[in-house]
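Any read-out appearing in this document is the output of simple, stated calculations on the displayed coordinates, not a laboratory observation. Model, not experiment: these values are computed from the prediction. Using ideal geometry, Cβ is built from the backbone for each residue, glycine included, and neighbour counts are taken over all protein chains shown.
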Amino acid sequence: MRSLLGQPPLVGAAGRIQDEAMRQGNHPGPLMFWATWPLYVVLGRSAWAFEAATAIVNAVWLTTSVWLVRRRAGWGATAWFGAVALVLIGGFGLDALSQPWNPWVSLLPFAVLLLATWSAIEGDRWAAVLAVAAASYALQGHIGYLPLVVPLAGVAVLAAAWHGWSAPTDDGGRAPGRRAVRAVVPVGAAIGAGLLLWSGPLVDLATRSPSNVSKLIANFSEPSDPPIGLARGLEATFQAANPFGAWVWGGSAVEGSAWPGKLLVLVWAVVAVLVARQGRRPALARLNALLAATLLVGMLAVTRIFGALYLYTFRWIVVIVAMLVFSLGWGLALLLPRPTPAATRRLVALGAVAIVALSLVTSVRVARQDIPYDQSSRSVAGLAPEVAAQLDPAARYQVRWDDPAYLGGIGFGLLLELERRGFDVGGEARFSAAIEPHRVACPGDYDALLTVVTGESRLAEWRAKPEARELAATDPRRDRAGWDRAFAELLAIQRERNGPDYDPADLEAQFNLLLLSGDQPAEVTDLAGELVLGGVPSAVFLQDPPPPDVLDPSDGRNDPCFR
């Protein structure tokens, strides 16, 4: 966001993507940055402005989804969809609604894609343009949407072409020329929109070597681990499809019984068949067919996930579950006997009250949640002013981090905050996918080194270094007694598993591993999460002059500093 407009990003956020030379790659595209940037500027160009802009864009996607349902269904079905959407965004919470994390920003565009494709199937030819836009936004945010959005967008475009060719012209005739125009114009508009929205990745493909596309292809053609397979993939899909699970309450784990998800799909399928046989609502029958195909493709996609299984890699499942619940409720309403006019009026009044109540509950539920990752925000806010006050505005600095807790988040934050204050700062070449290549500070290009150190044992080691001067320190822990209790409990568990020689420093070094590995017991993951989210102390050390960097020429192909 800080690079726009001078150095516009051409690709998406950095991800768990590597090519054969271990160069980190990015998710496909930058739309999550481009679309929010005008709002980011208006709101003050801060981290808060980015979050607020993300929330506003999500609200636009959400409104668009309700509008699409209204175009294809009556007010009753639209109100029911609104209720389902309120439950869904309650499950998203403040995190997914406001955090510009790329798996989150794709969720609501994916919902719009499903509905826009359905609208195109129903004859709304121009919905294909919206479907391509929503597909582009979702896929550029997260590569995990690829197996779903490409066929959905393709169906939308083909449906637009079919309806344009087969529909009668205004005079009731079927002149080939007019039919061709009706088919080609919306399809051409969809293709044109797609080319415009993918202009950044296309420029990257044409001008950079290696391109991000080549990294994505290498990552998925030669995965680092074998796929989880059919049995585990189907189980994971049904675990995530729990009608009382992640789509309602949020969460990040793939756990629990698969049977609630299986029962939901079974009941939905039975109702869908009955609706199709009844024939009263062919639009709903076609929506059900679209959902069935999407769910099937999604199941197959999950079986191909490799590495640790996190829900965020196929978080689109919660949107599909919400759509199944919407379709199921609409279908049941059609199968039940028609109410009398008086009963209809009472149901409308009751539904209005329920929608208002659910809106209030969801608003309070989201507003009362803690600011996501506030411990990192507080750490950067505590460190940056003190560090900036002691730096030379004429010098160039490289920022590094020794961080077993926050994946370098505080280091990234300090780099950006110092840049915001006008300092000439950069990062290491190995993080070029995340910080962008123009922020890389190569050996010889910087005058001093700043290192963000996190964890008490690491801080003790750095404070013993005579060549390192501590500029600032912060401890975001608000409940020190609770933090110490959780640390002692986790240390005892790890000593039981690894032997009595397991040291507290070893535990600090494994915070991220224990929290994110995906194969730890729930007790270990919960305690590690309590520690990391509770806050880990950090400090910033200055080395001026910096220690010499040793670069391996044999590895030059991996390091942009050799070019």
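Using a ≥ b ≥ c from the Cα gyration tensor of the chain (square roots of the eigenvalues), is it rounded, prolate or oblate, where a/c under 1.5 gives rounded and otherwise the larger of a/b and b/c decides, a/b for prolate?
Details: a/c = 2.10, a/b = 1.59, b/c = 1.32.
Because a/c hits 1.5 or more and a/b exceeds b/c, the chain counts as prolate.
By how many nm would the segment from residue 496 to residue 348 lengthen if fully extended, with 0.36 nm per residue of separation less the alpha-carbon distance? Can you show the working numbers first?
Numbers: separation 148, 0.36 × 148 = 53.28 nm, distance 6.02 nm.
The residue 496-residue 348 span can extend by a further 47.3 nm.
In which sequence would 465, 215, 262 go, from the one with the fewest C-beta neighbours within 10 Å to the one with the most? Can you show the working numbers first?
Numbers: 465 12, 215 22, 262 17.
By the 10 Å Cβ count, ascending, the order reads 465, 262, 215.
With an 8 Å cut-off on Cα pairs and a minimum separation of 6 or more residues, tell me the relative contact order of the chain in percent.
Details: 846 pairs, mean separation 78.1, N = 563.
Computed over the chain, the figure is 14 percent.
Which order do the peptides 483-496, 379-392 take when ranked by the mean count of other beta-carbon atoms within 10 Å per residue, highest first?
379-392, 483-496
Using θ = phi - 60° and the Karplus relation 6.51 cos²θ - 1.76 cosθ + 1.60, list the HN-Hα couplings for region 521-535 in order, rounded to whole Hz, with x at every Gly or Pro.
My calculation for region 521-535 gives x, 4, 4, 5, 4, 5, 5, 5, x, 4, 6, 5, 6, x, x Hz in order.
Would you pull out the residues with amide H under 5 Å of residue 427's amide H, same chain only if 5 or more places away, H placed 1.01 Å from N?
When sequence neighbours closer than 5 places are left aside, the close amide H contacts are 399, 440, 441.
Specify whether the C-alpha gyration tensor of region 374-562 places it in the rounded, prolate or oblate class, a ≥ b ≥ c being the square roots of the eigenvalues: rounded for a/c under 1.5, otherwise prolate if a/b is larger than b/c and oblate if not. Before the final figure, lay out each step's value.
Numbers: a/c = 2.04, a/b = 1.60, b/c = 1.27.
It comes out prolate by the Cα gyration axes.
If each DSSP helix of 4+ residues adds -39,500 (n - 2.57) and the sum is divided by the residues in the chain, what number results at 222 nm, nearest 500 deg cm²/dmol?
-19500 deg cm²/dmol
Could you list 81, 110 in order of exposure, starting from the residue whose Cβ has the fewest other Cβ atoms within 10 Å? If you can, show how the numbers build up before the last one.
On the way: 81 24, 110 29.
Exposure proxy ranking, most exposed first: 81, 110.
Would you order 132, 112, 84, 440 from fewest to most other beta-carbon atoms within 10 Å of each residue's own beta-carbon? Let's see the in-between values first.
On the way: 132 30, 112 27, 84 23, 440 19.
Final ranking by Cβ density, sparse to dense: 440, 84, 112, 132.
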